[in-house]
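Asks: For reference, the structure I am asking about is given below.
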Amino acid sequence: MSDYFLFDLDNTLYPRDCGLFDRVDALINDYLETVVGIPPERVDYLRRDYFARYGTTLSGLMRHHGVEPDHYLDYVHAVPVAEIIPPDPVINEALAALPGRKYIFSNASRRHCERVLAHLGIATHFEEIFDIIHFDYRPKPEPGVYRQVIGRVGGAGCKGVMVDDLVANLRPARAAGLKTILVDPAAGAAAGGRVNGDRNAPPVDAVAVSVHEVGGIVSRWRPRGWRF
Ligand SMILES: [Mg+2]
């Protein structure tokens with residue numbers, strides 16, 4: 001088995017500042033207010049609370065409000081992806097240069113992932129999409145879903161790398177023995193791809209300004225026994 005990469009999708013494969021996720025975020029608020037009927041002044045608090053307790057707003061809505069997950073996912077991802085995400089002329093090359101199997105590991109729905117991948121023209125790089133539906137709506141960072149993904153795509157002697165824009169989502173991957181790359185424009189620019197011993201540094205193996213830097217980062221691990 002060759003080595004592999006688990007890629008988050010939103011704010012990882014396209015830049016956070018394009019605003020797509022802000023649009024999804026606004027639709028989540030809208031859903032809580034208009035569909036679930038939560039008073040506007042409670043929406044922010046509830047979202048923070050559910051996110052902290054369960055990993056996603058959806059998990060809290062399912063547990064406490066009987067929300068039907070597919071309805072919610074279709075509603076909040078109804079954004080004009082092609083109008084919002086800028087074209088990325090080099091992402092294809094950046095992904096092609098990574099010598100390992102690639103998978104999407106996302107808390108969004110498969111439909112949303114497919115739309116974004118099609119727009120960027122990169123769907124063929126990925127062997128499989130592990131979306132939130134795949135794990136019965138259990139989200140990252142629940143350790144159980146990492147065990148399932150790794151059990152499915154990992155194998156004796158093969159190594160994995162996870163790439164995500166949230167430290168919280170990388171923590172269980174690191175605990176499971178994967179190398180972790182945080183995509184964060186601000187932290188990446190400050191760190192130049194490396195994580196120093198600074199106690200304020202994020203608890204990951206490397207930080208990148210964008211997904212384009214992943215190839216350069218993994219090539220630096222090669223001399224330390226990594227086959228990439
Ligand atoms: Mg993300």
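Asks: So Cys113 ticks every box in (1) within 16 Å of the ligand (Cβ to nearest atom); (2) outside the structural domain of His212 (by TED's automatic domain parsing) but one. Which box is left unticked?
Replies: (2)
Asks: Considering the stretch 132-161 alone, what residues qualify as being within 16 Å of the ligand (Cβ to nearest atom) and of a type in the set (S, T, N, Q)?
Replies: Those that are within 16 Å of the ligand (Cβ to nearest atom) and of a type in the set (S, T, N, Q): none in the stretch 132-161.
Asks: Same structure again: Among the residues of the stretch 128-140, is any free of Cβ contacts under 8 Å to residues at least 24 places away in the same chain and under 30 Å from Val67 (Cβ atoms)?
Replies: Yes.
Asks: Return the residues of the stretch 87-116 that are among the hydrophobic types (A, V, I, L, M, F, W, C), crowded, with 19+ Cβ neighbours inside 10 Å and part of a loop (DSSP other than H, G, I, E, B); say none if nothing qualifies.
Replies: Answer for the stretch 87-116, where residues must be among the hydrophobic types (A, V, I, L, M, F, W, C), crowded, with 19+ Cβ neighbours inside 10 Å and part of a loop (DSSP other than H, G, I, E, B): Leu98, Ala108.
Asks: Could I ask something else about it? Looking at the stretch 162-177 only, could you name the residues that are within 15 Å of Tyr4 (Cβ to Cβ) and more than 16 Å from the ligand (Cβ to nearest atom)?
Replies: Ala176, Gly177
Asks: What's the total number of residues in the stretch 58-77 that are closer than 13 Å to Val24 by Cα and surrounded by fewer than 17 Cβ atoms within 10 Å (Cβ to Cβ)?
Replies: Counting residues in the stretch 58-77 that are closer than 13 Å to Val24 by Cα and surrounded by fewer than 17 Cβ atoms within 10 Å (Cβ to Cβ) gives 2.
The values are calculated or read from the model by the stated rules, or taken from the named source; none is laboratory data. Keep in mind that this is a model prediction, so the values were computed, not measured. Note that each Cβ is placed from the backbone with ideal geometry, even for glycine, and that neighbours are counted across all protein chains shown.
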